[in-house]
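Enquirer: Quick one: the structure is below, questions incoming.
Read the figures in this text as sums done on the coordinates, not as results from a lab. Worth saying up front: this structure is predicted, and the values here are computed from it rather than measured.
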Amino acid sequence: MWKLVAAVLGYLFVGPWGILLGLVVGHIIDSGKSNLAGLNIKRGSVRQQQAAFFQTLFLLMGRLAKADGVVSTEEIKLASDIMNRMGLSDDAKKQAIALFNQGKEASFDLVEVL
């Protein structure tokens, strides 16, 4: 179920690449096997699923932005626009920025997170 929801949200917020991002995020949530930032995500816990979605979204956005070697101002603006569309508080925006930055680091291990 989360794959479909996340894919649609990804498309609405990011566009065609958002579908892929949403499918990955949705799969992680659906599988109930995520261990992002020390969270052990279990089925049925909406708060934990939301946290997993939030963390995975911004980690992967950072990773995708850095995939070509350079994070453009357009990619940063897109991430900022998504934060605004989500209605994030200032604290949540700071956390999202930190996750985005973590995702774009060369030392970030996508396979370990997934």
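Enquirer: Calculate I(q)/I(0) for region 66-114 by the Debye formula, one identical point scatterer on each C-alpha and no solvent, and give its log10 at q = 0.17, 0.20, 0.29, 0.30 Å⁻¹ to two decimals.
Expert: -0.57, -0.76, -1.12, -1.14
Enquirer: At 0.36 nm per residue, and after removing the present C-alpha to C-alpha distance, how many nm does the segment from L23 to E105 gain when stretched out fully?
Expert: 27.3 nm
Enquirer: Same structure again: For N84 and A98, compute 0.36 nm times the residue count separating them, minus their Cα-Cα distance, and round to one decimal in nm.
Expert: Computed gain between N84 and A98 is 3.5 nm.
Enquirer: Show which aspartates and glutamates lie in cross-link reach of K77 when reach means a straight Cα distance below 19 angstrom and same-chain residues fewer than eight apart are skipped.
Expert: Cross-link targets: D68, D90, D91, E105.
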